[in-house]
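Read through the structure below, which is laid out as structure tokens, and then see the notes.
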Amino acid sequence: MTKLYVTGNKNLNGHVIISGSKNAALPIIFMSILTDKAISIKNVPDLKDINIALRILICLGARVTFEKVLYIDPSLINNFSAPYHLIKEIRASIWILAPLLTRFGKAKIFFPGGCNIGARPIDLHIKYLTQLGAKITIKNDCITASIKGRFKGQYVLMEKISVGATITLISAAVLAEGLTIIDNAAQEPEIVDIAKFLNNLGANITGAGSNKIYVLGVSQLKGNEHKIIPDRIETGTFLVAAAISKGCIICHKTQPQHLEKVLIKLNESGAKISTGKNWIKLDMRETRPQSLNICTKPYPGFPTDMQAQFALLNVVAKGNGSITETIFESRFHYVTELIKMGARIKIQNSTIQCYEIQSLSCAQVFCSDLRASATLILAGCIASGITIVDKIDYLIRGYESFTKKLNQLGADIKMM
Ligand code: EPZ
């Protein structure tokens, strides 16, 4: 297994270009199944999860070329089932279910994969597709689905806020008969980007970004081009890199308005934040951050995907801080690894308490999921000595050129 050797005691300073959003690109790639016209997509990040999604599309029959721009020709898609070994790799594969039902009236897939941060059920996806007219049976982890004619537009009150199930519902409603109203919908910027992409193909979606989304079914979609929004979690990760290393980092090609709660908390920690139309500068003025109390919430609340990174900030901050995780039931696996490096953290149910220490020291640590991987690498950048970060395969799933970008900011990370 590849390991990273991370030399510590670094201040991280400089400029970083933010890549396109993984969590916008993945669903948008699968939405291409809804049309038979060519699509071109810019600012798609080159990630393992993206490449797996494209391999799934190709298995379905699409023609795909991905150099700087991603071109998809969905006209030859002729298969309503995708292979188990690819579906199981990523959480996003659940998003082929509704488009395949729309295109073929049937689908045969499997339970998706995803980061080890909780049970990751798909009951809401199944429940709401059934409400719109699908017949879905599950045997072991095989999902067989069919629908007579088209999905029927409905009023759907989502029993809990779910990004994934909101996206599934939108993708089912776009070519459905009549109006679908999605109440208590997720409001993430990625959902706004998906709606913009689909509307550019001729869909009729309003309200994306609010908790009530209206989708008036249309008869068909055309082709078009699209540019993926910047990755707000990658942006937040690099801002935390500056905060924990007393550095000064400017993130370019990003969207400050997607990180409002993160910037508020970084400001509260003592960082000097300035922003422009597509950049964010964080300057710690060589001081340690102040500890914070944080509770993760659905957007526009504080993002769960920034939880691990801010736990690290609390570990090295002045004072004691706490973080409560309300979205996923098992997203603290990285805590034991930080404790190996000298962190003082107590887990109390869905809250971690972080107690002040002077500094971290090197250790061999093991990654457990995507955001934990980035956090442990950042911890190595500021710890004393050389930290070995093991099981880093998770990292390439969701961060494009992460170690290269960090080394350009003054880190010293070697892959062995
Ligand atoms: C998406 O996951 C993102 N993944 C996650 O990012 C992100 O943390 C999450 O949304 C935020 O809510 C992608 O976009 C690929 P959910 P998703 O449906 O769709 C429960 C990263 O690091 N739930 O919003 O899986 C679920 O268990 C990843 O980039 C059900 O109970 O998240 C969770 O407790 C990690 N039944 C809550 O809802 C369902 O059918 C929110 O999950 C679906 C979800």
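Here, each number is a calculation from the coordinates, and none is a lab measurement. All of these numbers come straight from a predicted model, not from anything done at the bench. Here Cβ is always computed from backbone atoms with ideal geometry, including for glycine, and neighbour counts include all displayed protein chains.
Tabulated results
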| quantity | calculated |
| --- | --- |
| Derived scalar couplings ³J(HN,Hα) [region 305-311; Karplus, 6.51 cos²θ - 1.76 cosθ + 1.60; whole Hz; x for Gly, Pro] | 6, 10, 5, 5, 4, 6, 5 |
| 3J(HN,Hα) from dihedral phi, region 224-231, Karplus parametrisation 6.51/-1.76/1.60, rounded to Hz, x for glycine, proline | 4, 10, 8, 10, 5, 5, x, 8 |
| Among beta bridges that DSSP assigns inside the chain, antiparallel share in %, nearest 5 | 70 percent |
| At R0 = 51 Å, FRET efficiency that the Cβ-Cβ distance of Lys3 and Glu177 yields, to 0.05 | 0.40 |
| Cβ-Cβ FRET estimate between Asn116 and Ser384, R0 fixed at 30 Å, reported to 0.05 | 0.55 |
| Highest-MSF residue in the chain out of Ser401, Ser322, Ser171 [GNM, Cα springs under 10 Å] | Ser401 |
| Sequence-distant residues sharing a close amide H with Gln364 (under 5 Å, placed H) | Ile388 |
| Region 66-136: relative contact order as a whole-number percent, Cα under 8 Å and 6+ apart | 29 percent |
| Formal net charge of residues neighbouring Ala343 (Cβ-Cβ distance under 13 Å; K, R +1; D, E -1) | +1 |
| For Arg63, distant residues with modelled amide H under 5 Å away | Asp73, Ser75, Leu76 |
| Segment Arg344-Asn184, extension gain: residue separation times 0.36 nm, minus the distance between their alpha carbons | 53.8 nm |
| Full-extension gain in nm, Thr351 to Ser75, via 0.36 nm per residue minus C-alpha separation | 94.5 nm |
| Radius 10 Å from Cβ of Ser81, net charge of other residues (Lys, Arg +1; Asp, Glu -1) | +2 |
| Region 264-410, relative contact order [Cα under 8 Å, separation at least 6], % | 17 percent |
| Centre separation in Å (Cα based) which lies between region 259-334 and region 104-130 | 31 Å |
| Kirkwood hydrodynamic radius of region 76-152, Cα pairs, Å | 12.7 Å |
| Nonlocal amide H pairs with Ala208, under 5 Å, H built at 1.01 Å | Tyr214 |
| Nearest-20 debye value, region 232-359 charge dipole, Cβ charges on Lys, Arg, Asp, Glu | 260 debye |
| Burial ordering of His85, His333, fewest other beta-carbon atoms within 10 Å first | His85, His333 |
| Pair-distance profile P(r), taking every C-alpha pair of region 142-224, with 10 angstrom steps and integer % | 19, 52, 27, 2 |
| DSSP-loop GluC sites (Glu not before Pro) across region 322-416, with at most 13 other Cβ within 10 angstrom | Glu329 |
| Tensor-based shape of the chain (alpha-carbon gyration tensor, a/c under 1.5 rounded, otherwise prolate or oblate) | prolate |
| Gln220/Asn200 FRET efficiency (R0 22 Å; Cβ-Cβ; nearest 0.05) | 0.95 |
| Cα centroid of region 376-416 to Cα centroid of region 157-203, whole Å | 36 Å |
| The chain - mean residue ellipticity at 222 nm from DSSP helices (-39,500 (n - 2.57) per run, n ≥ 4, rounded to 500) | -9000 deg cm²/dmol |
| Contact order relative to length of the chain, as percent, for alpha carbon pairs under 8 angstrom and 6 or more apart | 21 percent |
| Tensor-based shape of region 335-398 (alpha-carbon gyration tensor, a/c under 1.5 rounded, otherwise prolate or oblate) | oblate |
